[in-house]
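Data block below; observations after.
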Amino acid sequence: MVSRVRTVAFQGIEAVPVDVQVMIAPGKVGMQIVGLPDKAVAESRERVQAALHASGLSMPPKKVTVNLAPADLPKEGSHYDLPIALGLMAALGALPGDALAGYVVLGELSLDGTLTPVAGALPAAIGANAEGKGLICPHASGPEAAWAGADIDILAPRSLIAIANHFRGTQVLSRPEPGVQAPAVGLPDLADIKGQESAKRALEVAAAGGHNLLMVGPPGSGKSMLAQRLPSILPPLTPRELLEVSMIASIAGELSGGKLTDRRPFRAPHHSASMAAMVGGGLRARPGEVSLAHNGVLFLDEFPEFTPQVLDSLRQPLETGDCMIARANHRVTYPSRIQLIAAMNPCRCGMAGEPGYRCLRGPRCQTDYQARISGPMLDRIDLRIEVPAVSASDLIRPGKSEASAVVAARVAQARAMQRARFEALGLDCMTNAQCPTGAVEEIAQPDAAGLALLRDASEKLGFSARAYHRVLKVARTLADLDGAETVGRIHLAEAISYRMAADRMAQAA
């Protein structure tokens, strides 16, 4: 007799169906797991045997064969424990085999028979719902899986005994409720920043249009403080964005208690991060920082201190919004539509250009340091601003500056204009920075004076085609902040000013 239980294998954020087939037959006593299992799956043999013993069941004195089909698909992770155990219980007659036919099962077993949470409950629930099946998962993963839909049947037991009692009718498991994280309080506020009005303006423009931003200034000028306050002016995630972000976090095992939040991700990796940590990789091709920051912010402090290979690996995700990890035996694609915020010192000593300071190495210190960032990488950054040192008069000035809530209202209004515009055009994008190249000139058509300014600036500064269109996108965002329907000369002038500094850095690179 062969019992079958449905589970899943993960390829990126997609759940691929896997059949767990368990057969008990005469032969050498023991359990054999086949179907390309990795070390964690092979070790489930010991966990399953111990959990069954703790639950009052003993292994039969026969040969037990577990096949994970399709056999040519690699199986990774500990979530195969529960489907193997339930398949074995069905083969022993402890569970009705037909009762498991309508469920997708995943979960890790403890030696005492209790279930521990696993990564990927949300994608598994979405995949089960697409098949018209329910889901059986650990109790701690239930609040996460419940977001897959209100009509999906979800069982979230605490132990093997609870599952057996449920199917016998002696204990009824209630459907878990979707988990929501409490709204964050005490977020860093822009009102804490003294001075730096031009930097705050650029931060508002970046938030309104989803543009990439590079801040250059001496140590202590407030670059990191500004970046850390960007989440306080960004709008919350839409339901679609929330689902995408949560699926990636679920695969990475970073959903705390299975609870979802509508706050945009803010990732700030250390500059010693490897390429695999940044774009993803490893044995199981896990998502990297660029994917964990999907629909949110990736903040790179000390920008030139990252290795050039790591920085250049971000060029494709910044352009396409996807990160494809290709290996010899498989290929995985994770979404990575991010907003890049970077901060750096102007030179190695950090004080180039400051009044009264003269670097001992001369201009070469600044040129060599900024040349660590390649020209193609800089070409993908829409806004580049100078953040000078804060003066004493700014520090002792009484009162506070504009609060984040006031700026966030303007950002939300500008994004609402963009969303309505793209919906009218039938485009699948949310911000001006995501607008496809073919539609940029249509939504950001400048007036006659602005067109003349843009033509002169393109010829004198040698804008690339990408730079030309990105200037138009920034100008469109500036017009949205002003509530203007047409991109004017003043909007293009400000957008070009943000681009001129970046082109000076590109010449150094």
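The values are calculated or read from the model by the stated rules, or taken from the named source; none is laboratory data. Bear in mind that the values here come from a model prediction, so they are computed numbers and not experimental data. Side chains included, ligands, DNA and RNA excluded: accessible areas come from the protein's heavy atoms. Shrake-Rupley method; radii C 1.70, N 1.55, O 1.52, S 1.80 Å.
What to note about this one:
- Residues of type lysines that Lys194 reaches as a straight line, Cα spacing below 19 Å, ignoring anything fewer than 8 places off in the same chain: Lys223, Lys400
- Heavy-atom surface of the chain, accessible at 1.4 Å and reported per residue (Å²): 43
- Shape category assigned to the stretch 360-509 from the gyration tensor of Cα positions, a/c cut at 1.5: oblate
- Remark: the Glu442-Arg364 segment gains 23.8 nm on full extension, using 0.36 nm per residue and subtracting the alpha carbon distance.
- Less than 5 angstrom separates the built amide H of Gln11 from those of Val16, all sequence-distant by 5 or more or on a different chain.
- Listed cross-link partners Lys75/Lys259; Lys259/Lys473; Lys200/Lys460; Lys75/Lys133; Lys200/Lys473 are compared with a 30 Å cut-off, the Cα-Cα value being larger for Lys259/Lys473.
- Share of carbon and sulfur in the accessible heavy-atom surface of the chain [1.4 Å probe, %]: 54
- Using θ = phi - 60° in the Karplus curve 6.51 cos²θ - 1.76 cosθ + 1.60, the 3J(HN,Hα) couplings for the stretch 217-234 round to x, x, x, x, 7, x, 5, 5, 4, 5, 5, 5, 9, 4, x, 6, 10, 7 Hz; x is entered for Gly and Pro.
- Within the straight-line cut-off of under 19 Å between alpha carbons, the aspartates and glutamates reachable from Lys63 are Glu43, Glu46, Asp81, sequence neighbours fewer than 8 places apart in one chain being disregarded.
- In the chain, the calculated helix contribution to ellipticity at 222 nm averages -11500 deg cm²/dmol per residue, counting -39,500 (n - 2.57) for every DSSP H run with n ≥ 4.
- Kyte-Doolittle mean at least -0.5 and Cα axial length at least 24 Å: DSSP H helices in the chain: 404-425, 465-481, 489-508
- Relative contact order, whole percent, for the chain stands at 13, derived from Cα pairs under 8 Å and 6 or more residues apart.
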